[in-house]
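**Student:** First the structure, then my questions, so here it is.
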């Protein structure tokens with residue numbers, strides 16, 4: 001089925017093959033996406049011949065005496081070099097030939113590449129050289145030990161790639177595509193990807209948002225234990241805690257429900273028929289647990305959320321890639337996603353900004369986004385004090401409390 005939505009489709013897909021079950025699962029997903037998006041597939045296998053040559057020399061002193069003779073050692077070295085090089089080339093050819101033939105049988109433009117070097121470095125270099133917009137590789141290679149940790153190659157590619165990265169796990173599930181959302185621009189871009197992938201795979205789409213009120217209760221408990229009564233009075237701890245209880249217990253849920261509704265509407269506009277679910281708890285934990293409960297075929301998350309900073313990947317996206325029981329697609333941010341789009345920023349009245357500053361710092365970005373969504377929904381161009389009060393009231397605060405604190 002060719003993708004008929006309005007989102008940007010994949011054009012060049014890099015697929016890493018190594019004979020492992022996870023890599024094979026990823027390769028199958030890549031073909032389904034390539035056919036739907038009319039993308040070109042580049043299959044590759046990387047082998048590090050040099051490290052094997054170095055290891056052979058390191059082992060030479062421990063070989064039996066019969067092999068320590070100069071002539072014997074020379075013959076061993078001469079035999080070992082071609083054996084490694086030719087052997088790896090033959091192995092790589094075996095991985096690639098069948099896959100490329102299957103791709104072409106399906107009408108997919110496909111090419112193969114065998115390269116020598118460290119696996120992750122080869123994959124990152126090829127992704128840049130080919131300008132791939134999706135890199136697909138297994139969560140674990142042939143050296144998997146079943147300890148639940150993400151393979152070293154997958155982890156390094158995940159952190160270093162500029163493209164979308166699909167971390168594949170076998171077997172491919174039969175459940176829905178699950179998109180995790182938090183109201184950030186990156187999450188909405190992930191919804192676009194998830195909608196197109198769900199259509200390509202012919203499976204349902206579910207969007208889920210997770211909010212975590214318990215963290216902030218723990219923070220206040222720590223503050224109460226650490227600050228003297230005098231200092232608590234100075235910072236208004238009891239008043240702030242009362243605000244948090246009102247804001248977090250009910251308001252945060254309403255805020256994330258708004259993010260969820262926005263994501264579902266976006267997916268529906270692209271032709272999908274998503275179901276939506278609001279989860280409570282640490283985002284990566286409840287999302288990965290839910291993915292297991294529904295047998296998700298694929299989880300899709302943005303590389304970053306609200307708190308991008310200078311990291312190469314957000315903590316929830318990284319944890320989901322490590323811990324999910326299914327394959328995970330981590331979508332790359334658009335080149336300009338960190339910058340406001342011209343004309344998209346709403347003006348704020350001074351009184352409205354002053355009220356916004358009273359919201360605790362941890363929740364202020366999300367509250368700002370929720371207020372601006374409310375203003376845009378009614379066609380407004382400017383945020384007023386009344387808008388802030390109205391959203392505060394919707395989030396569960398009484399009129400007097402909303403007026404004072406939000």
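The values are calculated or read from the model by the stated rules, or taken from the named source; none is laboratory data. None of these values were measured; they are calculated from a predicted model. Virtual Cβ from ideal backbone geometry, glycine too; neighbours counted across all protein chains shown.
**Student:** Within region 268-275, does at least one residue satisfy the condition of being buried (at least 16 other Cβ atoms within 10 Å of the Cβ) and at pLDDT 95 or above?
**Tutor:** To start, the set of residues in region 268-275 that are buried (at least 16 other Cβ atoms within 10 Å of the Cβ) comprises 270, 272, 274.
With the extra rule that they be at pLDDT 95 or above, the set shrinks to 274.
Scanning region 268-275 turns up at least one residue that is buried (at least 16 other Cβ atoms within 10 Å of the Cβ) and at pLDDT 95 or above.
**Student:** Would you call residue 194 modelled with pLDDT of 95 or more and in a strand (DSSP E or B)?
**Tutor:** Criteria not met by residue 194.
**Student:** State which residue is surrounded by the fewest Cβ atoms within 10 Å (Cβ to Cβ) when the search covers only region 286-295 and only residues that are out of contact with any helix residue (DSSP H, G or I) (no Cβ under 8 Å at 6 or more places or on another chain) and either under 19 Å from residue 198 (Cβ atoms) or free of Cβ contacts under 8 Å to residues at least 24 places away in the same chain (or both).
**Tutor:** Taking region 286-295 as the starting set, the residues that turn out to be out of contact with any helix residue (DSSP H, G or I) (no Cβ under 8 Å at 6 or more places or on another chain) are 286, 289-295.
Imposing the further condition that a residue be either under 19 Å from residue 198 (Cβ atoms) or free of Cβ contacts under 8 Å to residues at least 24 places away in the same chain (or both) reduces the set to 289-295.
Numbers: 289: 16, 290: 19, 291: 27, 292: 15, 293: 10, 294: 18, 295: 12.
It comes out as 293.
**Student:** Would it be correct to say that residue 30 is surrounded by fewer than 17 Cβ atoms within 10 Å (Cβ to Cβ), modelled with pLDDT of 95 or more and part of a helix (DSSP H, G or I)?
**Tutor:** Details: surrounded by fewer than 17 Cβ atoms within 10 Å (Cβ to Cβ): no; modelled with pLDDT of 95 or more: yes; part of a helix (DSSP H, G or I): yes.
No, not satisfied.
**Student:** Please verify whether region 34-42 includes one or more residues that are modelled with pLDDT under 90, touching a helix residue (DSSP H, G or I) at 6+ places or on another chain (Cβ under 6 Å) and surrounded by 14 or more Cβ atoms within 10 Å (Cβ to Cβ). Break it down stepwise before answering.
**Tutor:** Of all residues in region 34-42, those modelled with pLDDT under 90 come to none.
So far as region 34-42 goes, no, none of its residues is modelled with pLDDT under 90, touching a helix residue (DSSP H, G or I) at 6+ places or on another chain (Cβ under 6 Å) and surrounded by 14 or more Cβ atoms within 10 Å (Cβ to Cβ).
**Student:** Oh, and also: Can you tell which of 115, 101 is loosely packed, with under 14 Cβ neighbours inside 10 Å, more than 26 Å from the chain's Cα centre (by Cα) and at pLDDT 85 or above? Reasoning before the result, please.
**Tutor:** Working: 115 fails: loosely packed, with under 14 Cβ neighbours inside 10 Å.
Of the residues listed, the single one that is loosely packed, with under 14 Cβ neighbours inside 10 Å, more than 26 Å from the chain's Cα centre (by Cα) and at pLDDT 85 or above is 101.
**Student:** Go through (1) closer than 30 Å to residue 286 by Cβ; (2) touching a helix residue (DSSP H, G or I) at 6+ places or on another chain (Cβ under 6 Å); (3) at pLDDT 75 or above for residue 329 and report which single condition fails.
**Tutor:** (2)
**Student:** Can you tell me which residue within region 4-26, out of those that are surrounded by 21 or more Cβ atoms within 10 Å (Cβ to Cβ) and in a loop (DSSP other than H, G, I, E, B), is modelled with the highest pLDDT? Outline the logic, then answer.
**Tutor:** Kept after step one, since they are surrounded by 21 or more Cβ atoms within 10 Å (Cβ to Cβ), are these residues of region 4-26: 10, 13-18, 20, 22-23, 25-26.
Now restrict to residues that are in a loop (DSSP other than H, G, I, E, B): 10, 17-18, 20.
Working: 10: 92, 17: 95, 18: 91, 20: 92.
Out of the qualifying residues, it is 17.
**Student:** Taking residue 54, is it on the phi < 0 side of the Ramachandran plot, at pLDDT 65 or above and within 37 Å of the chain's Cα centre (by Cα)?
**Tutor:** Working: on the phi < 0 side of the Ramachandran plot: yes; at pLDDT 65 or above: no; within 37 Å of the chain's Cα centre (by Cα): yes.
So residue 54 does not fit the description; no.
**Student:** Sticking with this one: Quick one: is residue 72 in contact with a helix residue (DSSP H, G or I) (Cβ under 8 Å, 6 or more places away or on another chain), at pLDDT below 85, assigned to a helix (DSSP H, G or I) and surrounded by fewer than 20 Cβ atoms within 10 Å (Cβ to Cβ)?
**Tutor:** Values: in contact with a helix residue (DSSP H, G or I) (Cβ under 8 Å, 6 or more places away or on another chain): yes; at pLDDT below 85: yes; assigned to a helix (DSSP H, G or I): yes; surrounded by fewer than 20 Cβ atoms within 10 Å (Cβ to Cβ): yes.
Criteria met by residue 72.
**Student:** Taking the condition surrounded by fewer than 24 Cβ atoms within 10 Å (Cβ to Cβ) and outside any loop (DSSP other than H, G, I, E, B), does residue 125 pass? Spell out the reasoning first.
**Tutor:** Numbers: surrounded by fewer than 24 Cβ atoms within 10 Å (Cβ to Cβ): yes; outside any loop (DSSP other than H, G, I, E, B): yes.
Taking the combined requirement at face value, the residue satisfies it.
**Student:** Let me ask something additional. Which residue pairs have Cβ atoms under 9 Å apart, sit 6 or more places apart or on different chains, and have a first residue in region 345-361 that is farther than 12 Å from residue 386 by Cα and a second that is exposed (fewer than 13 other Cβ atoms within 10 Å of the Cβ) and modelled with pLDDT of 90 or more?
**Tutor:** Qualifying pairs under 9 Å: 346/382; 347/382.
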